[in-house]
Amino acid sequence: MDKQSTIDNYEAHVSAGKVSFYRKYGMNFVMGRREGAWLYDIDEQKRLFNCHSNGGVFNLGHRHQEVIDSLKLALDEVDIGNHHLMSQERAALATQLTDSMPGDLNVCIFGVGGGEAVDLALKLALGHTGRSKIISANGGYHGHTGLALSVGDAQYREPFGIGLTDMVQVPFNDAMALENALDDQVAAVILETIPATLGMVMPKPEYLEQVRSLCDQNGTLLIMDEVQSGLGRTGKLWAFEHADIIPDMVIVGKGLSGGIYPISATIIREPLDAIFRKDPFIHISTFGGSELGCRVGQKVVSISSNENFLRRVREAGGMIRTGLDALRDKYPKFFTGIRQSGMMIGLELRDKYAGPALTKAAYDQDLLIVYANNDTSVCQFLPPMTITDNEIKWVILQLDKALNSARKLRTALIAKQKTDGLLKRFSRKD
Ligand SMILES: Cc1ncc(COP(=O)(O)O)c(C=O)c1O
């Protein structure tokens, strides 16, 4: 199918809204060939360097050879598997994941996507504690499935008339607000370790320790969502390891798939397993932890947990920082700050119009950068962790040009009142 027919069919049968959005902003890119950090338009007339990595799905770049090889071998040997039976592949990946976590985070339940893994964690917290409330962060994002949607930002639930009174939200980084919201009906607090959709907000020093201790005092479970921040993104395998805490549950998704085969995991402390010991068939996911996905996950975890890999993430993060610091000095009014942990980076910009403007300007300079949907003054900057030194230099050069034109674009966007549409979406979520 040629490019125009693809767009026509996409418009007719997948999403007319997206097609009209991209047409309006001159971004009619259809993903074709992909390789490493690069995406090519289906007609090969344009390519984009992926500085978003789908929120971590492409942590290892597109089509990482070792990950592909692991899936190819798995296809010769296994299939989805059978969720009723015991499985060598699930046992192997569960062992790897739980071995990588502290304390008695010893049990791993697999799913297909992040939202499903969050749903399970919340369901388990409600069931285990017998309580009814969940606290999450304003502007956080945990998925678009049932319970995950309920603890996310109102803009994603209200159009569907979903609003649960037992789901309470407090500002991230505000321990006092959390303390005030906690009561004996709160089953769990769920937080992204670094809220990505809110603009890569870095947890204040001591904040996560305070949250842990408030939860302990209140008999409330602490769930850390590491869907974006996990698997080495911050220079440690799990971002919560930067704080002195052991969560009760950890959510892993996106990158575990290697960008090749969907899989997610909810890792829980041993006592929380009680419900499943009583009735091991009470929670089922037909495709969750498919054996093909487990093989891919095993490869991803072994690459990402390697100390040399993590050292390189920290080193590349430092090199990116040097480049970004220079750009911030060059465009101080527009590019106002940098949020960073390893290669999990947010570019703080002048105002809510600047994120969409930079997204479009970066696209024009062949960079895929996406503004944070719940704070559009920030652009998410998550290049693949396999980025080379030369690629970093090139990306910084392109970003320089993009920042230069984004300043003018922002003014034009405001003048033409076009921001409404652009603000509504580049990334509807992550
Ligand atoms: C922090 C976080 N949690 C959960 C999810 C939901 O994952 P999925 O889209 O695989 O359901 C996302 C997706 O962007 C996410 O960023």
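Say we look at region 263-288 and pick out the residues that are acidic (D, E) and touching a strand residue (DSSP E or B) at 6+ places or on another chain (Cβ under 6 Å); which of these is surrounded by the most Cβ atoms within 10 Å (Cβ to Cβ)? The extreme case among them is D273. Would you confirm whether any residue within region 252-262 is open to solvent by 10 Å² or more (accessible area, probe 1.4 Å), within 16 Å of the ligand (Cβ to nearest atom) and within 20 Å of M200 (Cβ to Cβ)? The answer is yes; a qualifying residue exists. I'd like to know if region 207-216 contains one or more residues that are open to solvent by less than 10 Å² (accessible area, probe 1.4 Å), in a loop (DSSP other than H, G, I, E, B) and within 18 Å of S132 (Cα to Cα). No, region 207-216 has no match at all. Are any of the residues in region 156-170 touching a residue at least 40 places away in the same chain (Cβ under 8 Å) and not aliphatic (A, V, I, L, M)? Yes; the residues of region 156-170 include at least one that is touching a residue at least 40 places away in the same chain (Cβ under 8 Å) and not aliphatic (A, V, I, L, M). Report every pair of residues separated by at least 6 positions or lying on different chains whose Cβ atoms are under 6 Å apart, first residue within region 111-123 and open to solvent by 10 Å² or more (accessible area, probe 1.4 Å), second more than 9 Å from the ligand (Cβ to nearest atom) and assigned to a helix (DSSP H, G or I). Cβ pairs passing all conditions: D119/G146; D119/L147. Do you know which residues across region 130-161 are open to solvent by 40 Å² or more (accessible area, probe 1.4 Å) and away from the ligand (no atom under 12 Å from the Cβ)? Across region 130-161, the qualifying residues are G130, R131, S132, K133, N138, Q155, E158, P159, F160, G161.
Scan region 309-328 and tell me whether some residue there is assigned to a strand (DSSP E or B) and under 20 Å from the mean Cα position of the chain (by Cα). Before the answer, list the steps.
Here is the first cut: in region 309-328, the residues assigned to a strand (DSSP E or B) are none.
No; the residues of region 309-328 include none that is assigned to a strand (DSSP E or B) and under 20 Å from the mean Cα position of the chain (by Cα).
Restricting to region 134-160, name every residue that is outside any loop (DSSP other than H, G, I, E, B), modelled with pLDDT under 95 and not aliphatic (A, V, I, L, M).
Initial filter on region 134-160 (outside any loop (DSSP other than H, G, I, E, B)): 134-137, 146-150, 154-160.
Next, from what is left, pick out any that are modelled with pLDDT under 95: 146-150, 154-160.
If the condition is that a residue be outside any loop (DSSP other than H, G, I, E, B), modelled with pLDDT under 95 and not aliphatic (A, V, I, L, M), then G146, S150, Q155, Y156, R157, E158, P159, F160 are the ones that fit.
For region 95-115, does any single residue satisfy the condition of being within 15 Å of the ligand (Cβ to nearest atom), in contact with a strand residue (DSSP E or B) (Cβ under 9 Å, 6 or more places away or on another chain) and part of a loop (DSSP other than H, G, I, E, B)? Within region 95-115, one or more residues are within 15 Å of the ligand (Cβ to nearest atom), in contact with a strand residue (DSSP E or B) (Cβ under 9 Å, 6 or more places away or on another chain) and part of a loop (DSSP other than H, G, I, E, B).
Which residue is nearest to the ligand (Cβ to nearest atom), if the candidates are limited to region 178-203 and must be over 25 Å from I267 (Cβ atoms) and surrounded by fewer than 22 Cβ atoms within 10 Å (Cβ to Cβ)? Applying the filter and picking the extreme gives A181.
The values are calculated or read from the model by the stated rules, or taken from the named source; none is laboratory data. What you see is a predicted model; the values in this text were computed from it and never measured. Don't worry about glycine lacking a Cβ; one is built from the backbone with ideal geometry, like all the others, and counts go over all protein chains shown. With ligands, DNA and RNA removed, areas are computed over all heavy atoms of the protein, side chains included. Shrake-Rupley method; radii C 1.70, N 1.55, O 1.52, S 1.80 Å.
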